[in-house]
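Student: I'd like to ask some things about the structure below.
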Amino acid sequence: MSGNQPDARNFIAGEWIAGDGEKRPSTNPADGRVLGYYSPGSAALTEQAVVAARALFDAGTWAASPRIRAQALFELADRLEAARDELVDLIVAENGKLRSEAIGEMMGSISETRYYAGLARNIFGRTFEGAPGSISLLHREPAGVAGIIVPWNAPVTLLMRSLAPALAAGCTTVVKPAPQTPLVHARVMRCVAECPSLPKGAVNSVNENGTEVGEALVASEDVDVISFTGSSATGKKIMAGAAPTLKRLSLELGGKAPAIVFPDADMDLATRELTRGSLVMAGQMCVAATRFLVHEAAHEEFRSRIRQAFSAIKTGPGDRSESQMGAMIDLPSRDRIVSLIERAGDEGRMVLKGAVPGGDLAQGAFVTPTLFEIDDLASPLVQEEHFGPIVSIETFADEADAVRKANATRYGLAASLFTTDLNRATRVSRAIRTGTVWLNCHTRLFAEGETGGYRQSGLGRLHGVEGLNDFLETKHVYLEAGAV
Ligand code: NAD
């Protein structure tokens, strides 16, 4: 502890370990207040954590004990549930999101952990007899040591989305949390430390401020899988860093989700869903709607409704009941959005200009929502992920034009369609090249349904039964019955 403030350490083989470097503060993005400190790790500590994970994996008992793994995950879900209110407070303080969003994050994480606790006892292979007496046994085996790298925007959900299937599959793990949310992460690690069925070394965690720990994990000969959630730019660096050891990669990367509004859409519903679906977590969500593609015939009506809805949003601290959109993660992110607003005004047509609010919010990482119209598909304003409360409105002439425009970025994470025509919804949802398509809603994520990216939004799937695949190998044992 530093004074009365928490001190987030590294967690290796069941021990809390201070790093070699100087402690770093973690601050509340709403007011800049220091909330506590964390001890950054190093490449050497990463190696120590990998050795602990490797030793447990190679001992074999964890990998061969699905019932114990299920029990450990149920214990972890119970501990997360017991710490729920404390974690909600910490998420609001350290991340800046709304209390309702933090509650949703905790409920989703607990549900996810229980879902994979159940699946741990349902990992089955196959058998077949290719010819009389020629018997093939296809085993599903854990892949080994998994390195898990998580971002700050949903520090509990995105950790559990990788950690729970990794443990269910029988892997051991080394986690690298985001430097922006170390206190939330350390509280989750305390829950991990309290699970009697979880052996020491199954979950290790090394903090960092920079890239040394992440790079060491990616380069390590003893790490078999990297499960990374973060931007496409970092995903590419990880792919390059993993090439010398030919590691398996699970990459959940950036997005630029289009929301297509047809003229027959229920406009009340579309406005409500897309206001929430784009401004959730102040737009800092990989699947948030960032491009409204609107049919020419519906354009004026939709623009007027969405403008009204966006301008009514109250931006403010996540712990104030009247706030409807929280803070961004830090001041540099706020300032990045402010300069994008200027650029959108120059290149496009401003519909609603966001700004840094005054009064007691002026020093926090707040910026109000922006809407702008743009026709140039090639503009970086349309092509790049902005990760903030700024959304473009574009128009389309017909269904083919809508699909062409929706598919016109290098991302392929998520999209939504608003129409009451089921035939059209079916056709268009199949033509869109994204891992998820929502019909008449936006942003519905839950443990049972796979998520992941097409194109530069990633590799592999998390959530659902396929979420286990990143952490499993298939082994073929063949025998000739006559010979045994
Ligand atoms: P980021 O890519 O900047 O960083 C993610 C993590 O990678 C950080 O913890 C960082 O320390 C680490 N890192 C950076 N360089 C590294 C390297 N060379 N080797 C190993 N690790 C390295 O992303 P961010 O700003 O933390 O998060 C926002 C991004 O995450 C957005 O692009 C968002 O779309 C994406 N995201 C995707 C999903 C999804 O499910 N697809 C979910 C949430 C967030």
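Student: Per q in 0.17, 0.23 1/Å, what log10 I(q)/I(0) does a Debye calculation on the alpha-carbon atoms of the range 18-148 return?
Tutor: Cα-only, vacuum Debye calculation for the range 18-148: -1.15, -1.22.
Student: Moving on. Can you give me the accessible area per residue for the range 184-319, using a 1.4 Å probe, in Å²?
Tutor: 36
Student: If we sort 405-416, 450-461 on the protection proxy, mean other Cβ atoms within 10 Å, highest first, what's the order?
Tutor: 405-416, 450-461
Student: Put a dot 7 Å past each Cα toward the Cβ at Ser231 and Asp78; how far apart are the dots in nm?
Tutor: The modelled label-to-label distance comes out at 4.2 nm.
Student: Right, another one. Using only the alpha carbons of the range 260-396, determine the length spanned along each of the three principal axes and report them from longest to shortest in whole angstroms.
Tutor: Between the extreme Cα coordinates on each principal axis of the range 260-396 lie 42, 32, 24 Å.
Student: Same structure again: Given a cut-off of 17 Å, what percent of all Cα-Cα pairs of the range 273-316 lie beyond it?
Tutor: The calculated P(r) of the range 273-316 puts 34 percent of pairs beyond 17 Å.
Student: Over the Cα atoms of the range 87-225, how large are the radius of gyration and the largest Cα-Cα distance (Dmax), in Å?
Tutor: 17.9, 65
Student: Need one number: convex hull volume per residue for the chain, Cα atoms only, in Å³.
Tutor: Considering the Cα atoms of the chain, their hull volume per residue is 154 Å³.
Student: List, in the order given, every pair from Lys200/Lys236; Lys200/Lys256; Lys236/Lys256; Lys23/Lys97; Lys176/Lys236 whose Cα-Cα distance in the structure shown is over 29 Å.
Tutor: Violating the 29 Å limit, Cα to Cα: Lys200/Lys236; Lys200/Lys256.
Student: Now a separate question. Can you give the % of DSSP beta bridges in the chain that are antiparallel, to the nearest 5? Each step should come with its number before you reach the end.
Tutor: Numbers: 29 of 70 bridges.
Bridges in the chain are about 40 percent antiparallel.
Student: Which percent of Cα-Cα pairs in the range 431-484 sits in each 10 Å bin, short to long?
Tutor: 19, 37, 19, 12, 10, 3, 0
Student: Follow-up. First measure r as the distance between the Cβ atoms of Leu439 and Asp346, then evaluate 1/(1 + (r/R0)^6) with R0 = 41 Å and state the FRET efficiency to the nearest 0.05.
Tutor: Working: r = 35 Å, r/R0 = 0.87.
With a Förster radius of 41 Å, E is 0.70.
Student: If each DSSP helix of 4+ residues adds -39,500 (n - 2.57) and the sum is divided by the residues in the chain, what number results at 222 nm, nearest 500 deg cm²/dmol?
Tutor: For the chain, the value works out to -11500 deg cm²/dmol.
Student: Computing the accessible area with a 1.4 Å probe over protein heavy atoms, can you report the carbon and sulfur percentage for the range 208-251?
Tutor: Working: 1140 of 2010 Å².
Its accessible area is 57 percent carbon and sulfur atoms.
Student: Take each uninterrupted DSSP H stretch in the chain, measure its Cα extent along the helix axis, and return the ones at 20 Å or beyond whose mean Kyte-Doolittle hydropathy is at least -1.0.
Tutor: On the way: long enough: 43-59 (24 Å, 0.92); 66-82 (24 Å, -0.19); 99-119 (30 Å, -0.30); 331-347 (24 Å, -0.50).
Correct list, ordered by number: 43-59, 66-82, 99-119, 331-347.
Student: For the range 319-395, how big is Rg over Rh, using alpha carbon atoms and the Kirkwood form of Rh?
Tutor: Expressed as Rg/Rh, it is 1.00.
Student: Tell me, what is a quarter of the convex hull surface for the C-alpha atoms of the range 385-449, in nm² with one decimal?
Tutor: Hull-based average projected area comes out at 5.3 nm².
Student: Suppose a student asked you for the relative contact order of the range 326-369, using Cα pairs under 8 Å spaced at least 6 residues apart; what percent would you report?
Tutor: Values: 40 pairs, mean separation 22.6, N = 44.
Rounded, it is 51 percent for the range 326-369.
Student: Over the Cα atoms of the range 170-217, Rg to Rh with Kirkwood Rh, two decimal places? Present the calculation step by step, with values, prior to reporting the outcome.
Tutor: On the way: Rg = 11.5 Å, Rh = 11.6 Å.
Value, to two decimals: 0.99.
Student: Moving on to the next point. How many angstrom separate the Cα center of the range 403-481 from the Cα center of the range 146-221?
Tutor: 25
Student: Here's another thing I want to ask about it. Please report, largest first and rounded to whole Å, the three semi-axes of the ellipsoid equivalent to the range 108-174, where each semi-axis is the square root of five times an eigenvalue of the C-alpha gyration tensor.
Tutor: Each semi-axis is the square root of five times an eigenvalue, giving 33, 13, 8 Å.
Student: Largest first and in whole Å, give the semi-axes of the range 214-305's equivalent ellipsoid, each being the square root of 5 times a Cα gyration tensor eigenvalue.
Tutor: 41, 11, 9
Student: Roughly how many nanometres apart are two label points built 7 Å out from the Cα toward the Cβ at Asn423 and Val465?
Tutor: In this crude label model, Asn423 to Val465 measures out at 3.4 nm.
The values are calculated or read from the model by the stated rules, or taken from the named source; none is laboratory data. As the structure is a computational prediction, the values presented were derived from the model and not from experiment. Here Cβ is always computed from backbone atoms with ideal geometry, including for glycine, and neighbour counts include all displayed protein chains. The protein model used for the area step is the full one, side chains on, heavy atoms only, and it has no ligands, DNA or RNA in it. Shrake-Rupley method; radii C 1.70, N 1.55, O 1.52, S 1.80 Å.
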